[in-house]
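*Asks:* Have a look at the structure that comes next, please.
The values are calculated or read from the model by the stated rules, or taken from the named source; none is laboratory data. These numbers come from a predicted model, not from an experiment. Using ideal geometry, Cβ is built from the backbone for each residue, glycine included, and neighbour counts are taken over all protein chains shown. Note: accessible area is taken over every heavy atom of the protein model, side chains too, but ligands, DNA and RNA are not part of it. Shrake-Rupley method; radii C 1.70, N 1.55, O 1.52, S 1.80 Å.
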Amino acid sequence: KIPVVMAPYDIVTTATGCGSVQPGQACVILGTTICAEGITDRLDLDVAPSGTTIAMGNGNAMRAMPTLTGCEALTWAAEMLGLHGIKDLEQLAVESEPGAAGLFFLPYLALAGERSPFLNPRARGSFCGLSLAHRRCHIARAVLEGLAFVIRDCLHVAIGRPLSEICVCGGGARSDVWCQIIADVTGTRIVRACDSEIGTRGAFLFGLTATGHTSSLFAATQTYTRAEIVFQPDKHLHALYEQDFKGF
């Protein structure tokens, strides 16, 4: 007999494949859209409904915030700036100081508006604080930082307390520049998964657990998940980004 296990759907198996199964851990899928999701052992049912809540067992739940705009904004920005692709956008962004000389970017570019961490079909993107002093490098930096602020906002609404780590995966996770910006903006260490088929690994771990080949899902992640690289946040830059986030 061959056991057949029905694993959860993609965002759950992806978080598991990254190793995010315990309260205080989070996973961010940096794809065409962004899905920021964290594990919590408590739910506040008095706040306005947002995102998706999925029971994970043992009293834990996943709070997921799938946005409508993600890496697509990077592709758009590269094209608008006359660059060959996202890699060139990153290289241009590092020519700017953190904070993009006071330039802020709201990355609500989808025609359908935004759905996480708020629902507004009329939400639209904009550059704020733009002046004659700004150059192409500042625009590139502002786009990367704007998307990082969205991740910070989503995780704050989803979990509402400090996280121990954030695992990142998806095409956008290949960018060292963006991963470091996300670490600095969130103030949390960023762990990049060591391969690309993260959801498949997560389904495998659920299968191991369901068939009794491991004592728990957490034990399975300890054995079969590993990080490629860790990005530690810069405390000084995080403090500056927090001022920007709260003051905007």
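*Asks:* How much space per residue, in cubic angstrom, does the convex hull of the C-alpha atoms of the chain take up?
*Replies:* On the way: hull volume 32.7 nm³, N = 248.
Value for the chain: 132 Å³ per residue.
*Asks:* Simple spin-label model, 7 Å along Cα-to-Cβ: residue 196 to residue 213 in nm?
*Replies:* Roughly 2.5 nm, to one decimal.
*Asks:* Quick one: ranking 87, 235, 1 by accessible area, 1.4 Å probe, largest first, what do you get?
*Replies:* Values: 87 125, 235 180, 1 245 Å².
Final ranking, largest accessible area leading: 1, 235, 87.
*Asks:* What does the extension gain come out to for residue 44 and residue 72, with contour length at 0.36 nm per residue minus their alpha carbon separation? Present the calculation step by step, with values, prior to reporting the outcome.
*Replies:* Numbers: separation 28, 0.36 × 28 = 10.08 nm, distance 3.19 nm.
Extra length available between residue 44 and residue 72 comes to 6.9 nm.
*Asks:* If you consider only alpha-carbon coordinates, what radius of gyration and Dmax does the range 76-165 have, in Å?
*Replies:* Taking only Cα atoms of the range 76-165, I get Rg and Dmax of 14.2, 40 Å.
*Asks:* Here's a follow-up. Efficiency by 1/(1 + (r/R0)^6): what FRET value for residue 235 and residue 136, r their Cβ-Cβ distance, R0 = 30 Å, to the nearest 0.05?
*Replies:* With R0 = 30 Å, the Cβ-Cβ based efficiency is 0.55.
*Asks:* List the lysines whose Cα sits under 28 Å from the Cα of residue 235, skipping any in the same chain fewer than 8 residues away.
*Replies:* Within the straight-line cut-off, residue 235 pairs with 87, 246.
*Asks:* Okay, moving on. For the range 17-63 and the range 187-229, what is the separation of their Cα centres, given in Å?
*Replies:* 16 Å
*Asks:* Could you work out how much longer the chain between residue 245 and residue 128 gets when fully extended? Use 0.36 nm per residue separation minus the Cα distance between them, nm to one decimal.
*Replies:* Numbers: separation 117, 0.36 × 117 = 42.12 nm, distance 1.28 nm.
Taking 0.36 nm per residue and subtracting the Cα distance, the gain is 40.8 nm.
*Asks:* Quick one: compute a quarter of the convex hull surface over the Cα atoms of the range 143-197 and quote it in nm².
*Replies:* On the way: hull surface 15.2 nm².
Computed as one quarter of the Cα hull surface, the answer is 3.8 nm².
*Asks:* If you plug each phi of the range 27-36 into the Karplus form 6.51 cos²θ - 1.76 cosθ + 1.60 with θ = phi - 60°, what whole-Hz ³J(HN,Hα) values come out, in order, with x for Gly and Pro?
*Replies:* Per-residue couplings from phi come out as 10, 10, 8, 9, x, 3, 10, 10, 10, 9 Hz.
*Asks:* Follow-up. Note down the magnitude of the dipole of the chain about its Cα centre, charges +1 on Lys and Arg C-beta and -1 on Asp and Glu C-beta and zero elsewhere, to the nearest 20 debye. Can you show the working numbers first?
*Replies:* On the way: 19 positive and 23 negative charges, 59 e Å.
With Lys and Arg at +1 and Asp and Glu at -1, about 280 debye.
*Asks:* Determine Rg/Rh for the range 117-232; Rg is computed over alpha-carbon atoms and Rh is the Kirkwood hydrodynamic estimate from the same atoms.
*Replies:* Details: Rg = 18.0 Å, Rh = 16.7 Å.
A ratio of 1.08.
*Asks:* Two decimals is fine: what is log10 I(q)/I(0) at q = 0.15, 0.18 Å⁻¹ for the range 17-163, from a Debye sum with one equal scatterer on every Cα and no solvent?
*Replies:* With one equal scatterer per Cα and no solvent, log10 I(q)/I(0) is -0.79, -1.02.
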